[in-house]
């Protein structure tokens, strides 16, 4: 234990040193001619605990292309760019939920390595020669003495390689390999002309994505291609260049529909060859999005970490549609190329997306996107509905044009209802309602457990409808992942409540009453005799020898103590079951006191949650089921405890800025980044913004001033400003609160209040004011 502590301290010292070095390198980057908000981002955050789709560098927001170096390739967890590995194994263009592909590697060909280059091509590199900013990544391949620079548009990777004066220049296309979560097979590359190549490869099916998908790509270079060599053993290709110029530029456009569309993506997005301009354009795009929230106060590290969190909130969930609106549809028995609806100018009305689940999004991107990026939220709603139109179901984790059925429940329902309640989505509401309702009924997505592709049993929905809860264990057997009845019951009850709110909005009174009744089902798994949510079997018998601190066993990625508080739609009803608000406050406060000893998370990474000690933590901010808990106190009439515990969680858990720390759990494509942003802004929506007024609870911001630019297409106000007067690390409590010079009741503001614009004034104090 003591040796581990010394090792950890050493890593932190090294990491802080490297932060300084990387920051210095960034100042010398081609992308840093003028300081912008994107320069505040620290891309190396938490990269010691990386995941295939976690790291992003030379990418645009939600880009189809996610171009960056890979240091680990054979696996999802720990794959992609992992900070502790010092070897580059290729530069891949696809780093996405259950997808990986199109890996290239520049090489210097010599008499010594020519015979083995197809199998032995990895290269060491040093972080000291590395520069990373959003939209740009540069490093030196030590083995080949090649300076590599990467950037991109949304669908095109742009490479710049500076070769040494000696040796033949080459680029290896590693098309038949295992990268992250899937195998690349049937890789093909053909020379189209002296400056162009065309290729494709197949992303093999896996457990989560059971249908294969072809990635097509077009390659263009500014240097004549001397020859294309194919290795019979590996099936991979080596491109030779003979020109004396040391600098090679290469564009790689990808598409999931055709080589022709890959070429269209290039001609649409990157017709020229100005590498530095592309870097600058990417930097501006990131800065424009990040700059919608401006902050003052806090430490320099606080500010850098904030914009890094915001960057993560905007980089997951990638485009799969082409610039012309073509997209891969894998929802049917046979693959087809779909076409998005077009505007009058012939451009797609929205983009189509891959996406990890919206499981937990009610406390994260629902809140953040709905307020700051409504145009993104609207697009995702239309994309989810496109899956419904194609395949008859709103997905909860589509990949490669079809649902993976990741996690449980109908997790897209709160997301879509929130977008409607906030006035972001206004059209086709009846069609949307019918689609959502279908998912909540027998045979719908709520009836499917995780990755249950061919049946609708593992969700236990028939028992939920008949008995008012999902039994644990499920008597029917195992049909998918996360067949944990207590958690499923809680999740369905909340999602039913959100659907009821939409039913009421659309005047479906009978449906409203029906789903409201279902939303009370959480009460059926609350054991009043012990004060915890507790699994029941199919005979309604409580689980014997129940330990509320035992991980899983009826609870999804959590324990009973954490999941007991998963009633975001009826906190007061839950408190009544516990004996009243005061008893509920005491109970939750004791859980926070205990969780503080482990810094509020089950270890420092998602895979650490199974550790015998870490898994018993009563509150875990490293995963979705209990990340809302500090804001529950406001609903219970103790906003001072929300202010205290949230500030403490941020301080102890989410303030680090190094490769060794970051989210201490599972950063599911922007969910944890979004949570961090909201906690630091002091804005939260317990029910995910799905009530009629889409109410926000006001917490304790860590900054002195926050200015949020409101999108004029959606909102009447220009800016929403939060001023926290006398704000310090000690002054975490709100002594007085006014919005536009009027007192604020219950520490809440409606979505319309905020988006009409104005100024929220918080007078901060070191003294609690219950």
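At-a-glance table
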| read-out | value |
| --- | --- |
| The stretch 25-167, Cα convex hull volume normalised per residue, Å³ | 109 |
| Ascending count of other beta-carbon atoms within 10 Å, so fewest first, for 446, 516, 385 | 516, 385, 446 |
| Cα-based convex hull volume of the stretch 298-367 per residue, rounded to whole Å³ | 149 |
| Normalised convex hull volume, the stretch 699-755, alpha-carbon set, Å³ per residue | 86 |
| All-pairs Cα distance distribution in the stretch 394-485, expressed in whole percent, bin size 10 Å | 17, 45, 28, 9, 1 |
| Peptides 65-73, 158-166, 211-219 ordered by average Cβ neighbours within 10 Å, highest first | 65-73, 211-219, 158-166 |
| Rg over Rh [alpha-carbon atoms, Kirkwood Rh] for the stretch 509-562 | 1.08 |
| Value of Rg/Rh across the stretch 154-217 [Cα atoms, Kirkwood radius] | 1.06 |
| Cα centroid separation - the stretch 321-371 against the stretch 694-759, whole Å | 32 |
| Estimated [θ] at 222 nm from DSSP helical runs (n ≥ 4, -39500 (n - 2.57)) normalised by residues in the chain, nearest 500 | -8500 deg cm²/dmol |
| Relative contact order of the chain, pairs being alpha-carbon contacts under 8 Å that are 6 or more residues apart, as % | 11 |
| Radius of gyration and Dmax over the Cα atoms of the stretch 2-288, both given in Å | 18.2, 62 |
| Principal axis dimensions, largest first and in whole angstrom, of the stretch 442-583 by Cα | 46, 46, 25 |
| Alpha carbon Rg of the stretch 369-430, scaled by the compact-globule rule 2.2 N^0.38 Å | 1.10 |
| Convex hull (Cα only) mean projected area of the stretch 463-533, reported in nm² to one decimal | 5.5 |
| Surface/4 estimate of mean projected area, convex hull on alpha-carbon atoms of the chain, nm² | 32.0 |
| Tail weight of P(r) past 20 Å, computed on alpha-carbon pairs of the stretch 527-613, percent | 40 |
| Length-normalised contact order of the stretch 654-699 in % [C-alpha pairs under 8 Å, at least 6 apart] | 25 |
| Computed P(r) (all Cα pairs; the stretch 279-319; 10 Å bins; percent) | 26, 51, 21, 2 |
| Tilt relative to the chain, helix 581-596 - C-alpha long axis, 0 to 90 degrees, to 10 | 40 |
| Calculated P(r) tail over 26 Å for the stretch 332-457, as whole % of Cα pairs | 17 |
| Segments 313-323, 457-467, 416-426, 290-300 sorted - mean Cβ within 10 Å per residue, highest first | 313-323, 416-426, 457-467, 290-300 |
| Rounded tilt (10° steps) of 2-28 against the dominant C-alpha axis of the chain | 60 |
| For the stretch 232-363: rounded, prolate or oblate by the Cα gyration tensor [a/c cutoff 1.5] | oblate |
| The stretch 343-415 - percent relative contact order, Cα under 8 Å, separation 6 or more | 40 |
| Residues 249, 762, sorted so that the one with the fewest Cβ neighbours within 10 Å comes first | 249, 762 |
| Extent along principal axes [Cα atoms of the stretch 189-287; Å; largest to smallest] | 42, 39, 21 |
| C-alpha long axis of helix 259-269 to longest principal axis of the chain, angle in ° | 80 |
| 456, 399 arranged by Cβ crowding within 10 Å, fewest neighbours leading | 456, 399 |
| Scaled radius of gyration (Cα, divided by 2.2 N^0.38 Å) that the stretch 650-770 gives | 1.12 |
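Read-outs: derived from the displayed coordinates by stated rules, not from any lab. This is a predicted model, so every value here is computed, not measured. All Cβ positions, glycine included, derive from the backbone under ideal geometry; neighbour counts span all protein chains shown.
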